[in-house]
Amino acid sequence: MKLSANFTLDEFTASETAERRRLDNSLPPELLMTAQNTAEMMEKIRAVLGDRPIFITSGYRSPEVNRAIGSSDTSDHPKAMAVDFKCPAFGTPKAVAMHLADKIDSLGIGQVIYEFGSWIHCSTRRPSKDINRVITINQSGTHAGIVG
């Protein structure tokens, strides 16, 4: 099933952790519209990255999968409001995050996080503090802006 022009439900719910641990990572029907809205945000991101392919490393996570990977219960992934991804044809994760940082409002991004130098996290939910809209998370902690 397609969530949007370029993103499918299968790639949005794919999880090696779920497969390995035999956990159900099916999207609940009540979150389908939210997932479609998140996929539409990703379409805008893809367009601003020159319509280059985006590889989702994590989209929806069931609460069990989210806990299994050690993520917070406040994560946007179990709400179908977040995607972790890479776009190697555009550049490094840092280059992608930097390119998106000043376009968050026009792209419908609530938060962009450059994580551990390896991927970009974008969510539709806007955090309560504007300072947390564009951040970097790495081994030394959480930092405002795209750093490292």
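Scanning the range 109-120 for residues that are part of a strand (DSSP E or B), touching an Asp or Glu at 6+ places or on another chain (Cβ under 8 Å) and of a type in the set (D, E, K, R) turns up at least one hit. Among the residues of the range 48-64, those identified as of a type outside the set (K, R) and under 14 Å from L31 (Cβ atoms) are G59, Y60, S62, P63. Being over 15 Å from T124 (Cβ atoms), surrounded by 17 or more Cβ atoms within 10 Å (Cβ to Cβ), touching a Lys or Arg at 6+ places or on another chain (Cβ under 8 Å) and touching a residue at least 40 places away in the same chain (Cβ under 8 Å) is a property that holds for S15. Report yes if some residue within the range 49-71 is out of contact with any Lys or Arg (no Cβ under 8 Å at 6 or more places or on another chain), modelled with pLDDT of 95 or more, at positive phi and of a type in the set (F, W, Y); otherwise report no. So far as the range 49-71 goes, no, none of its residues is out of contact with any Lys or Arg (no Cβ under 8 Å at 6 or more places or on another chain), modelled with pLDDT of 95 or more, at positive phi and of a type in the set (F, W, Y).
Going residue by residue through the range 2-16, is there one that turns out to be in a loop (DSSP other than H, G, I, E, B) and of a type in the set (D, E, K, R)? Can you show your working first?
Let us first name the residues in the range 2-16 that are in a loop (DSSP other than H, G, I, E, B), namely 3-7, 14-15.
Filter once more, keeping what is of a type in the set (D, E, K, R): none.
Checking the range 2-16: not a single residue is in a loop (DSSP other than H, G, I, E, B) and of a type in the set (D, E, K, R).
Hey, does the range 78-89 have a residue that's at pLDDT 95 or above and assigned to a helix (DSSP H, G or I)? Yes, some residue in the range 78-89 is at pLDDT 95 or above and assigned to a helix (DSSP H, G or I).
Of all residues assigned to the range 85-100, at least one qualifies as being under 23 Å from R21 (Cα atoms) and either under 11 Å from the mean Cα position of the chain (by Cα) or surrounded by 15 or more Cβ atoms within 10 Å (Cβ to Cβ) (or both).
The values are calculated or read from the model by the stated rules, or taken from the named source; none is laboratory data. The model shown is predicted, which means the values in this text are computed figures rather than measured ones. Cβ sites come from the backbone with ideal geometry, for glycine too, and all protein chains shown count toward neighbours.
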